[in-house]
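Q: Please read through the structure below; I'll follow up with questions.
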Amino acid sequence: NYQGGYDAATLLCERGCRHIAVIAGPTDMQAAVLRSEGVLAGLKAVDLEPVAMVSGEYGAEHGETTMHRILEEHPEVDGVFAESDEIASGALRTLLNAGKRVPQDVALIGFDDFHVARAVSPSLTTFAQPLATMAETATKMLVERLNTGEWQCKAVLFPAPLVRRESA
């Protein structure tokens, strides 16, 4: 999560974006907090700060309403990191309805590589969570706990590789 946020900032900056907004997930979820910390660190590494950073639910409505507000308050925005593909899908709808071209006017990056990332147009550049591998690992950890009475491993980190598509 942290590395994905950092990499999102790096990718947006490499595209030439300098007015980057972050539409974050819920502040009470570790994944969202880590994604936010990562994107802020990535921007700081190139002496940038987000023009806006707004937390909320992992949903399209949050992306839609927040993107509308960002466009009103920061019309110079040229890059957006949406901390979930659902958020990104709502942000994308608002951008397109506002006449913005994605990625030419505003580059957009999501996170998760859920079905919606491929279903929208333009398709979302995103970071893929290896959900099947994560579930398999969690199952093995639980079986081991049930068999031994102890957790042999308390945490496993999985990479979230970049999936390049059309939006950034």
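The values are calculated or read from the model by the stated rules, or taken from the named source; none is laboratory data. It should be emphasised that the depicted structure is a prediction, and the values quoted were computed from it without experimental measurement. Counting neighbours? That spans all protein chains shown, and the Cβs are built from the backbone with ideal geometry, glycine included. These accessible areas exclude ligands, DNA and RNA; they are computed on the full protein's heavy atoms, side chains included. Shrake-Rupley method; radii C 1.70, N 1.55, O 1.52, S 1.80 Å.
Q: Looking only at residues that are assigned to a loop (DSSP other than H, G, I, E, B) and within 15 Å of the chain's Cα centre (by Cα) in the range 107-124, which one is surrounded by the fewest Cβ atoms within 10 Å (Cβ to Cβ)? It would help to see each step written out before you state the result.
A: If we filter the range 107-124 for residues that are assigned to a loop (DSSP other than H, G, I, E, B), which is where we start, we get 110-111, 113-114, 120-124.
Subset that is within 15 Å of the chain's Cα centre (by Cα): 110-111, 113-114, 123-124.
On the way: Gly110: 33, Phe111: 30, Asp113: 22, Phe114: 19, Ser123: 17, Leu124: 29.
So the residue we want is Ser123.
Q: I would also like to ask the following. What number of residues within the range 8-28 are in a helix (DSSP H, G or I) and either in contact with a strand residue (DSSP E or B) (Cβ under 6 Å, 6 or more places away or on another chain) or of a type in the set (Ser, Thr, Tyr) (or both)?
A: 3
Q: Considering only the range 81-106, state which residues are of a type in the set (S, T, N, Q), over 16 Å from the mean Cα position of the chain (by Cα) and not in a helix (DSSP H, G or I).
A: Gln104
Q: Additional query: Among residues belonging to the range 125-160 that are in a loop (DSSP other than H, G, I, E, B) and surrounded by 14 or more Cβ atoms within 10 Å (Cβ to Cβ), point out the one that is modelled with the lowest pLDDT.
A: Only one residue fits best here, namely Pro130.
Q: Can you find a residue that is without any contact (Cβ under 8 Å) to a residue 60 or more places away in the chain and under 13 Å from the mean Cα position of the chain (by Cα) anywhere in the range 45-53?
A: Yes: the range 45-53 contains one or more residues that are without any contact (Cβ under 8 Å) to a residue 60 or more places away in the chain and under 13 Å from the mean Cα position of the chain (by Cα).
Q: Looking at the range 29-65 only, could you name the residues that are open to solvent by 60 Å² or more (accessible area, probe 1.4 Å), closer than 16 Å to Phe111 by Cβ and among the hydrophobic types (A, V, I, L, M, F, W, C)?
A: Met29, Leu40, Met53
Q: Taking Gln104 as meeting all but one of (1) open to solvent by 10 Å² or more (accessible area, probe 1.4 Å); (2) in contact with a Pro (Cβ under 9 Å, 6 or more places away or on another chain), write down the number of the exception.
A: That leaves (2) as the condition not met.
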